[in-house]
Amino acid sequence: MEVLSECLRSLLLCSVMVLCRSREVHMPSGPLYRVEGTSISIPCNVTGYEGPSTQNFEWFIYKPAAPDISISIVSTKDPAFAYAVFVPRVKSGDVSIHRVSGDSVELRVRRLLKEDSGVYECYTPTTDAKYLGSYSDKILLNVIPDALQVSTKSSPKGRLASLPPLQVTLTEGRELHLSCTAQTESDQHTHLSVSFGVTAPETPVGRQTLQDIVLVQRDFSVEPASPAYTERYLNGEIHAEKGDSATYKMLLSRAQPRDSGTYHCTAAEWIQDPDGNWQKINEKRSVLAEVNIQTIDSQLKVSAQPREIQVRSGDTVEIFCNVSMSVLPPPDVAFNVEWWVAFSPDSGGQLVAAMSTDGIVSLGTRYTGYDVGVRHISLEKLSPNPGSFRLRIYSAQPGDVGSYTCKVKAFVSYPSQKMEQVSSKVSQSVAVKMRTQDVMLNSYMFMDLPTLHRGDTATLFCNVTVDTVQPVHIAVSWWVELIEESPKETTGHFIASVNRQGVSEIGTHFSQRDMSMDKVGPETHRLRIYNIQFEDEGKYHCAVNAWIQYPDHSWYNAASVKSNSVTVYPYSQVKDLLLIPMVAGVASALFVGITVLSAVTCCYMRQLRKHKR
């Protein structure tokens, strides 16, 4: 009994092993629906076989009109396997068999015909010791008519519009609107996806040169179609949607020069195979428009007027910067306007005033600060974009004479709050000339005493003469070049000053010294340095500036002059001279005394040692 049970178990195990090793041929689940004129690849593989690892495959078709008759298509083993109806297509490569691996192949048809509908069989000639399992598998393929239509609203339906494409010219920064119609009349349940793309100017139109921009998926979700447009899509510059009926729309909110090119609409038709996977069964493309994006730089013009203006000191200078474009500027373009002045042909320009894109006006550093006060300068916009900008310099000064130019920068604003400069233009110059009244200024420095001794008071006078009909304010400063310093140090030390408003200041080098400044006459200023010392020896001079104040309370340095130098040399006092011999005598006496004392002490100690012996 046990022997019988053991035999039954062995027989069952052998049967299972045989079943596990039986040949099986696998193809996808059907039926499949594909569009006439498109391509298809049908995979087939074999498992559980015996023999070599490279297996052969044969393909047959059973037409609906004769479902029991097999028609040979192609074989991996026999090049002459095909029936006459398939021979030309096999020779041309339209129908072929592609080996993926030793036990896997694909039947490939480059262009499906309507008569290619039928049941396809993949058969594997046996290499097994016994005839077990399945040696073929079948799938139904239905070739359906091409029902996909893609077009612009004004072009005929078809794969590519036969009419010349729409010509669109836009200015940089404006919106680009494009739309196309995509629909299918297929009897099967299919979905459409639509993408918008562009081919660069003067580039052959083709799938290899087409750069996809944005895609409306078959479930109507939208996503960027290539990494090159991802950032612009995420910033809100690119939109796409499915509109009413079969219309799809794309919007580029800020067109850029690089967006020039030929735009296309590509529609793909999708069907869900029995295995659950979505398969693209058709694709068509239509040319929408040839778009030319003109740069703002090519359209922007900047001019200034008048070409020359002559004013008198204290008048108002008024000049205009005119900004224009040959086309209406985009709404998201803003302008930055700056006025610059050059005081001579060889000098660099200095900023006078600037108006930012948000209308904030700022003055150049030359026109603010203590020296000049706060100049009354205005810059205002007189008309809508691009417009005219007026610069006014109130209470003009001789220092305002020069050549004025207007510099305009154009910026495009983006939804991400980014501003990108797209153009910069400079106007011709405006010459500002002035009839001035000269200010003649002179200064002379002298001392009240010809000689000074250490500890005396050094009194220095700066005599100032001014020849002008204008009211001026005088500022005086005192300087010294100390003798003890290196000859290379010729700039001198600032001692003290009295500014145009009568406020005095002491230099850091003399901050601990006792001194005073005052005005002792209509044209004379005095500096007194008390308790002068030997280290004060040097060459002293005064510097004078003549300032004119204008009605707007700004200041102008009308003239500057440096006086002659006066040498200050403190002599030693009499007691200083007497101290020298006295010090010398005391030193000599001390030396003699110490010498004598040392000799006496030495002799005494010698005698004392002898006495002890």
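Annotations
- Share of Cα-Cα pairs in the range 34-124 lying beyond 15 Å, as whole percent: 59 percent
- Cα-centred dipole magnitude for the range 31-105, charges only on beta-carbon of K, R (+1) and D, E (-1), debye, nearest 20: 220 debye
- Cα-centre dipole for the range 414-480 with unit charges at Cβ (Lys and Arg positive, Asp and Glu negative), debye to 20: 460 debye
- Largest accessible area first, the residues S53, S179, S362, S75 order themselves as S53, S362, S179, S75 under a 1.4 Å probe with ligands, DNA and RNA left out.
- Ligands, DNA and RNA excluded, the heavy atoms of D514 present near 100 Å² of accessible surface to a 1.4 Å solvent probe.
- Nearest 10 degrees, 0 to 90: helix 574-612 Cα axis against the chain principal axis: 90 degrees
- Using the rule -39500 (n - 2.57) for each DSSP H run of four or more residues, divided by the residues of the chain, the 222 nm mean residue ellipticity is -4000 deg cm²/dmol.
- Cα-based radius of gyration for the chain, normalised by 2.2 N^0.38 Å, reads 2.03.
- Summed over the residues of the range 102-219 and divided among them, the accessible surface reaches 53 Å² per residue at a probe radius of 1.4 Å.
- Nearest-ten-degree value, helix 2-20 long axis tilted from longest Cα axis of the chain: 70 degrees
- When the solvent-accessible area of the range 145-298 is split by element, carbon and sulfur atoms take up 47 percent of it, the probe being 1.4 Å.
- Electrostatic bookkeeping for K242 treats Lys and Arg as +1 and Asp and Glu as -1; over the other residues with beta carbon under 11 Å from its beta carbon, the sum is -1.
- Bridge type composition, the chain - antiparallel percent by DSSP, nearest 5: 90 percent
- Pairs exceeding a 32 Å alpha-carbon distance, out of K63/K280; K249/K301; K63/K242; K425/K562; K284/K418; K433/K539: K249/K301; K63/K242; K425/K562; K284/K418; K433/K539.
- For E50, the solvent-accessible surface computed with a 1.4 Å probe is close to 50 Å², ligands and nucleic acids excluded.
- Charge tally for R366 (other residues, Cβ to Cβ under 12 Å; Lys, Arg +1; Asp, Glu -1): -1.
- Surrounding net charge for T124, when Lys and Arg each add one and Asp and Glu each subtract one, Cβ distance under 11 Å: -4
- Residue among L252, G348, M325 farthest towards the positive dipole end of the range 218-358, charges placed on Cβ: M325
- The range 350-472: relative contact order in percent, alpha carbon pairs under 8 Å with at least 6 residues between: 14 percent
- Accessible area (Å², 1.4 Å probe, nearest 10) - V469: 130 Å²
The values are calculated or read from the model by the stated rules, or taken from the named source; none is laboratory data. Source: prediction; values computed, not measured. All Cβ positions, even for glycine, are placed from backbone atoms using ideal geometry, and neighbour counts span all protein chains on display. We work out accessible area using only protein heavy atoms, side chains counted, and drop any ligands, DNA or RNA first. Shrake-Rupley method; radii C 1.70, N 1.55, O 1.52, S 1.80 Å.
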